[in-house]
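Peer 1: Structure provided below as structure tokens; questions to follow.
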């Protein structure tokens, strides 16, 4: 019995194999100019000792690494290039050196591996036998290759490829067949070669290279051949199945069915509209052979069934709603009933009842678009849908099923990868495998967990799963859209197969698979035919790929052997032969290309690389990305390593490596660091040396600076002392000069007394001049003096100054002369400073010139570098100045070694400061002789018409009136005036004597109030109604400027005028006083008549302002445009009174509340601004309004009385008459007449 079964199996297998008549022995891949060949005529094929393939063409010599061609061509400028681009043959000698024969028959070429170039050798130097072996014609006759009992050779007559079975001696021609995908692409063969990896290379005359892997996987490939009626009817295969009789059923997408019968004949079954005994549609979706021998055909429009062994009759199932309903999935349950997954739901055929039933499902499980169906080992039904996920059911009695699980990609994490289910399979361990549109899943019914298989390196090559089968060893075979993957049992190692291994194409069709368990053959259908194979015959190629480095790029440019890059040669031999590489700092951005020299399916090779010293782990890549790029690496030593696999995943763990050294730039080299160290040490020494030296210098300078600062402090203390003393002297000096001036004005004074008074006044004036000179010098030193240019006659000015000294000179018999070489002209100059310069020089000359001496003043003009200068000199024949003292006389407080006690030592220093401010120069020359004829000359040069320096062209804001006698002033109140009506003046002065003196002078005409500082003055001004304030500036507690600022910023006192008195003469200080609101500014010592005149003018101005307010503003307040805060307050007051004139109850309280001013302050402001009390102001405004209304004659007197706020007409008439001198009625008659 066992023998019969075995015999039956052998016969069935042999007949089936004979039926697969389209299986080819050689499967050629084609490499042409579209893949990089320079030309498609191949003369010469060889493999060198390092694993590269070489091909000769008529457009150059090619070296091939499985991916890219490197083409060598003739270069007339390079004696080591090939001699001719037309290659005749390539051979290899016993040393594995390559020899190349070209169209140039006088030379042969020998390839140099180390230099990657060629030696040109004359033919005469080549051994004759070796030269004959290179002959193209001898090569045709002798070349042949043998493999596993088969020989291939070239027929020299027809250039055909002949295949011979060495055992049977049977031969056949291997020719080109365009309908066969794997056939030769050209029948005219030019060369053949078998390499050490059993790759059979065939060169053709016009279509490049054909490559066949003699160790290729035994994937049988079947497709539609239009010339062979026995081939499958179409390439697009949707269903595969074998019936109980051994007939193989193949369903196509839209061409019907092909049945390969056991007897090798092929039957094609297609739909015919006129024949009801044909299938209902050519668009086949599923073919299923059940245990009873029936063949079920699911198609686009429904379901058909063939009886066992009968292909001529078909049964159409038209019950229920199957017509027009596509049937995708069919399975048989453990009871022998058939289940159908359709586009409209789930159906079941009951054999015992010979009837169809539609399976009812819960309303929540419509099961539309069902694609695949499976009953597992536990009797549960699994249904996969196209978009609604996966369902697991328990079958109930009748037509009901119970939902156990629904798996949805959107619900939870322990679920399927995608809701599109294309295949279902239960393995021998009863795990459920689910092929989805986005991955392969495995479900474990025991622990109810899902496992997911990744896509990518080391995993599946595609995620759209088509079909799943399992071989007898438990390995899973999974088809998808990029070939077929084998998943090893237990280890789950995945091996991917592609069309390079013999698959029909990359794309396989959903659920188009069949496992012939009798033969162990697996079938998978795709879009270009179908494949069959016995898994036990699929063995991996264990030959590892040799890993080589094929190209170096620096800055994105390939580098050739002995090529200079950045001025240096990087490669002295090919990269794959180099063990190390030295790159410069500018070459540190580079890329290295690599390849695995395994030609079976180089596109399937995988790689991993890393740069030790930079990369922390291996970087995995595939054949499409065989390049490693690095940029801006730091100087140092690295090792670049590459390892790879062949197309079956066999790793070459040794791989290859390249030592890379990146040299630093010179500025980072060892020599550079040595230089840096030396330079740093030198710099440190220099720094230390000069730091010590500098420290000593700084110490010395610091000491000298301290001395200098001490000298400056002493100098400044002198100046500050004299300045402060000068300010203090001015106040008592004012008390001396003012009474003297008053006494001199007394007429009929005795001559002797007057003479004494004049002497006192002259010396007081002299003392005042000395004080002012000291203050002027101090002002120059602090930079607070500005030049004031004005138009004038310089010659007249100087002559005037000289004339002022004439009388003094005459009294001493001194001859004072003035000469000028410039005409009288008007120009701009600072007359004050020039006068002071000349005055001091003449004063010095008079001091040091003996009686009956000579002083000469000269005025001239000169030009230097295009700039005009005026110069004046003062020459005297006095005592002279020693030479050693000439440079010292301009220093403050220096009077030389003269025994004379005259002077303070500031005059010449002051003169020099004035000249330097004018941007001029002053020189001194003193000639001394034994006979006493000494001549001392001071020469001054000043810029003419364009003096430099800080210039103030503003007019003088403050000018004291000239010192003259004043007539008695007509003041506002005389000595007999009532004290209550006299003007009230507040006198603020910290000097009691000065305050008492001023009070005595002013008390006869004014009511005087006193305060000793600004703080007391503020208290008095807040309580008293004042007409004027006279205040000193420099006072304790609060100075005059602060007092003035507070007084003027207070609305209650802002109307009070202020005169400031001070000993400070600087214009800036006077401007500061006026800037805080002072009405006038007088410097000490002052003329009492000048003070009285200023007081009178201010009070008269104030009186005139009150008169204007009474005359115009009180009548028409709306036409009043206020400027000052007081005027704004007045307008507000007047407008309120005017708006309420008709109100007889208008009171001071109302006004005070409305304008937010107290009654007391309202009284003071009103009195100060108008001269009237608030009540008088209201009454006057009412009467003046009444006067205006009477003039208009629009109302009678009684009406006007009430219109202006009077309630009693008699009282109105009385007030009107007191104001205007006539009664209202008389006033009207006067106006009408």
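Every number in this text was worked out from the coordinates using simple rules, so none of it is lab data. In this text, all values refer to a predicted model and were calculated from it rather than measured experimentally. Every residue, glycine among them, receives a Cβ derived from its backbone with ideal geometry; neighbour counts consider all protein chains shown.
Peer 1: So how far apart, in nm, are the two label points at residue 1000 and residue 110 if each is 7 Å from Cα heading toward Cβ?
Peer 2: 14.0
Peer 1: Given all pairs of different Cα atoms, what value in angstroms does the Kirkwood hydrodynamic radius of the stretch 788-943 take?
Peer 2: 16.2
Peer 1: To continue, here is another question. Hey, for a label at residue 672 modelled as a point 7 Å past Cα toward Cβ, could you say which residues of the stretch 565-603 have their backbone N under 13 Å away?
Peer 2: It comes to 584-587, nothing else.
Peer 1: Separate question: How long is the stretch 99-225 along each principal axis, judged by its Cα atoms, biggest number first, in Å?
Peer 2: Here the Cα extents, ordered largest to smallest, are 55, 32, 27 Å.
Peer 1: Assuming 0.36 nm per residue, please report the length gained on full extension of the stretch residue 743 to residue 173 beyond their Cα-Cα distance.
Peer 2: 189.4 nm
Peer 1: I would also like to ask the following. On a full-extension model of 0.36 nm per residue, what is the gain between residue 446 and residue 631, subtracting their alpha-carbon distance, rounded to one decimal in nm?
Peer 2: Extra length from residue 446 to residue 631 when fully extended: 61.3 nm.
Peer 1: Something else about it: If you average the alpha carbon positions of the stretch 1183-1220 and of the stretch 561-603, how far apart do those two centres end up, in angstrom?
Peer 2: 122
Peer 1: Work out Dmax and Rg for the stretch 1175-1221 from the C-alpha atoms and quote the Rg first, both in angstrom.
Peer 2: Final numbers for Rg and Dmax: 9.6, 28 Å.
Peer 1: Turning to a different aspect of this structure: Counting other C-beta atoms within 10 Å, which of 30, 430, 43 has the fewest, and how do the rest follow?
Peer 2: By the 10 Å Cβ count, ascending: 430, 30, 43.
Peer 1: Work out how much length residue 864 to residue 315 would gain on full extension: take 0.36 nm times their residue separation and subtract the Cα-Cα distance, in nm to one decimal.
Peer 2: Taking residue 864 through residue 315 to full extension adds about 184.3 nm, to one decimal.
Peer 1: Write down the radius of gyration of the stretch 270-325 and its Dmax, each obtained from C-alpha positions, in Å.
Peer 2: 10.7, 32
Peer 1: Taking Cα atoms of the stretch 411-483, Rg/Rh with Kirkwood Rh, to two decimals?
Peer 2: Computed over Cα atoms, the ratio is 0.94.
Peer 1: Evaluate the relative contact order of the stretch 984-1095 (contact order divided by residue number), counting alpha-carbon pairs under 8 angstrom at least 6 apart; express in whole percent.
Peer 2: Computed over the stretch 984-1095, the figure is 22 percent.
Peer 1: Report, to two decimal places, the Cα Rg of the stretch 265-408 normalised by 2.2 N^0.38 Å (N = number of residues).
Peer 2: Scaled against compact globular proteins, the figure is 1.05.
Peer 1: While we're here: What is the spread of the Cα atoms of the stretch 984-1095 along each of their three principal axes, largest first, in whole Å?
Peer 2: Taking the Cα atoms of the stretch 984-1095, the three principal extents are 33, 31, 25 Å.
Peer 1: Hey, for a label at residue 49 modelled as a point 7 Å past Cα toward Cβ, could you say which residues of the stretch 574-593 have their backbone N under 16 Å away?
Peer 2: Residues 574, 576-578 qualify, since their backbone N sits under 16 Å from the label point.
Peer 1: Expressed as a rounded percentage, what relative contact order does the stretch 378-448 have, with Cα pairs under 8 Å and six or more residues apart?
Peer 2: That works out to 23 percent.
Peer 1: Same structure again: Need one number: the % of Cα-Cα pairs in the stretch 343-438 sitting beyond the 18 Å mark.
Peer 2: I get 46 percent for the Cα pairs in the stretch 343-438 exceeding 18 Å.
Peer 1: A further question on this structure: For the pair residue 148 and residue 557, what calculated FRET efficiency results from E = 1/(1 + (r/R0)^6), where r is the Cβ-Cβ distance and R0 = 41 Å, to the nearest 0.05?
Peer 2: Efficiency, from the Cβ-Cβ distance: 0.30.
Peer 1: Can you put 1055, 688 in order of Cβ neighbours within 10 angstrom, beginning with the fewest?
Peer 2: The most exposed by this proxy come first: 688, 1055.
Peer 1: Which percent of the Cα-Cα distances in the stretch 151-255 go past 25 Å?
Peer 2: 39
Peer 1: Semi-axes of the equivalent ellipsoid for the stretch 546-668, please: Cα gyration tensor eigenvalues, times 5, square-rooted, ordered largest first, whole Å.
Peer 2: Largest first, the stretch 546-668 gives 27, 15, 11 Å.
Peer 1: Report the dimensions of the stretch 534-574 along its three principal axes from the alpha-carbon atoms, largest first, rounded to Å.
Peer 2: The principal-axis extents, from largest down, are 61, 20, 8 Å.
Peer 1: Could you compute the FRET efficiency for residue 851 and residue 1037, with r as their C-beta to C-beta distance and R0 at 51 Å, rounded to 0.05?
Peer 2: After rounding, the FRET efficiency stands at 0.40.
Peer 1: Based on the Cβ-Cβ distance from residue 1045 to residue 992, what FRET efficiency comes out when R0 is 22 Å, to the nearest 0.05?
Peer 2: Result of the calculation: an efficiency of 0.30.
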